[in-house]
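Following: one structure in structure tokens, then a few remarks.
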Amino acid sequence: MEPVARPPLRDEIRDVLVEGMISGRWGPGDRIVERRLAAELQVSQAPVREALRELEALRLVESSPNKGARVRGFTPADLREVYQVRAGLEETATRLGSPSVPALRAHVARMHEAAAAGSLDGQVRHLVGFHREIVAASGNAVLVSVWESLGIEVWTHVSIRLFRMRPHENAADHEPLVEAFDRGDPDIGRLLRDHVLGYAP
């Protein structure tokens, strides 16, 4: 039997924090008490601290000495800036290499399945996996590293939860890209850029 893969505890806590920000549990300026959250989740403070540091790097949380972490809050402009950079990176990736079309199709199929099951986590996992295939196919380690540093999973959760209410459209939106890659469309870079920007407000 293959071992069951579990996401790192830090990632699970990060998702709890993002969910809390989106749902209104924590608003801009609210303090997130590391010790209290660790007790609530029945974990040590170390992974909570790691998750908060990751969100601070993404400009969702700010911390100061002796005051702990506070929600910075995010605006449509923050999300748009992230997606503008991401769109440029993915457009560049298409000029450096071409991804596996069967792998892209598999991710789209899993997106449809996740949408039918009502699993946002499943949708995000395969949506990000779809785009990671494209970026990895560039063969450019610097480009991949910069793309990963944008916190794609976090911002994808935010954009879907706040701006895209019909789950099946996330999978359907990716089908034209698969066909464009399959036929070697010379405009694939522009198509991909416009697709990515469509997820930003």
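The values are calculated or read from the model by the stated rules, or taken from the named source; none is laboratory data. Everything numeric in this text was worked out from a predicted model, so none of it was measured. Glycine also receives a Cβ, built like all others from the backbone with ideal geometry; neighbour counts cover every protein chain displayed. These area figures cover heavy atoms from the full protein model, side chains too; ligands, DNA and RNA do not enter into them. Shrake-Rupley method; radii C 1.70, N 1.55, O 1.52, S 1.80 Å.
Tell me the carbon and sulfur percent of the accessible area for the chain, rounded to whole percent, probe radius 1.4 Å. Intermediate results must be reported in sequence, preceding the final value.
Numbers: 5500 of 10550 Å².
After summing per-atom areas, the C and S share lands at 52 percent.
So what's the chain giving for Rg/Rh, alpha carbon basis, Kirkwood Rh from the mean inverse pair distance?
A ratio of 0.99.
Please give the contour-minus-distance gain from R31 to A116: 0.36 nm per residue of separation, less the Cα-Cα distance, rounded to one decimal in nm.
Numbers: separation 85, 0.36 × 85 = 30.60 nm, distance 3.64 nm.
Full-extension gain reported as 27.0 nm.
May I ask you to compute the full-extension gain from A46 to S64, defined as 0.36 nm times their residue separation minus their alpha-carbon distance, rounded to one decimal in nm?
Details: separation 18, 0.36 × 18 = 6.48 nm, distance 1.76 nm.
Between A46 and S64, full extension yields 4.7 nm more.
With N residues in region 1-95, what two-decimal value do you get for its Cα radius of gyration over 2.2 N^0.38 Å?
1.28
How would you rank 180-188, 131-139, highest first, on the average number of other Cβ atoms within 10 Å across their residues?
Top to bottom by mean Cβ count within 10 Å: 131-139, 180-188.
In Å, what Rg and Dmax follow from the Cα atoms of region 31-84?
When restricted to the Cα atoms of region 31-84, Rg and Dmax are 12.6, 38 Å.
Normalised by the residues of region 57-183, what does the relative contact order come to in percent, with Cα pairs under 8 Å and at least six apart?
Relative contact order comes out at 29 percent.
Can you give the extra length, in nm with one decimal, that the chain gains between S145 and Q84 once fully stretched, where that is 0.36 nm per residue apart less the Cα-Cα distance?
In short, 20.3 nm is gained.
Express the accessible area of region 44-114 per residue in Å², computed with a 1.4 Å probe while the remaining protein chains stay in the model.
Solvent-accessible surface per residue comes out at 51 Å².
When only Cα pairs under 8 Å and 6 or more residues apart are kept, what is the percent relative contact order across region 43-114?
14 percent.
Short version: ³J(HN,Hα) in whole Hz for each residue of region 174-180, in order, from phi by Karplus 6.51 cos²θ - 1.76 cosθ + 1.60 (θ = phi - 60°), x for Gly and Pro, what are they?
8, 5, x, 5, 4, 5, 5
Quote the Stokes-Einstein diffusion coefficient, in whole µm² s⁻¹, for region 62-162, based on the Kirkwood radius over alpha carbon pairs, a temperature of 37 °C and a viscosity of 0.692 mPa s.
The estimated diffusion coefficient comes to 218 µm²/s.
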